[in-house]
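Report on one structure; see the data block that follows.
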Amino acid sequence: MKASYIGNQLLIAHAFEYMGYGYLRRGDYQNAYGAYAVAAERYVGTVQAHVAGTCKDNMARIKVKEENTGMIIGFYRPAADVDSEILFYPFLQVCE
């Protein structure tokens, strides 16, 4: 909220990227896609504009996951995360 109030696009982008990651961890791909879309838009024009590409890559991976629910797909973690180079793999739901 404070970043939005003062217009800090980079902090807003970080917040939306973490929101997308949080939605991914819950398996909520639709909201994750939306959060990554906003993050990608906000990163443009900042000192971390390259992260917009990572957000867009995650968006493409979400689309693939939605079309192939049983496929194991890794997603990029937020750029500010310590383990940002390690892909995140959501848990698979096993139906019995």
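The values are calculated or read from the model by the stated rules, or taken from the named source; none is laboratory data. These numbers come from a predicted model, not from an experiment. No Cβ is skipped: glycine too gets one built from the backbone with ideal geometry, and neighbour counts run over all protein chains shown.
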Any residue that is modelled with pLDDT under 95, closer than 15 Å to residue 89 by Cα and either within 13 Å of the chain's Cα centre (by Cα) or of a type in the set (Asp, Glu) (or both) - is there at least one of those in region 57-65? no
Report, by residue number, each residue of region 16-41 that is loosely packed, with under 14 Cβ neighbours inside 10 Å and either not in a helix (DSSP H, G or I) or not basic (Lys, Arg) (or both). 27, 30
Go through region 17-44 and report how many residues are in contact with a Lys or Arg (Cβ under 7 Å, 6 or more places away or on another chain) and either farther than 22 Å from residue 91 by Cα or of a type in the set (D, E, K, R) (or both). 1
If we scan region 20-31, do we find a residue that is modelled with pLDDT of 95 or more, among the hydrophobic types (A, V, I, L, M, F, W, C) and within 12 Å of the chain's Cα centre (by Cα)? no
Say we look at region 42-78 and pick out the residues that are in contact (Cβ under 8 Å) with a residue 12 or more places away in the chain and of a type in the set (Asp, Glu); which of these is surrounded by the most Cβ atoms within 10 Å (Cβ to Cβ)? 57
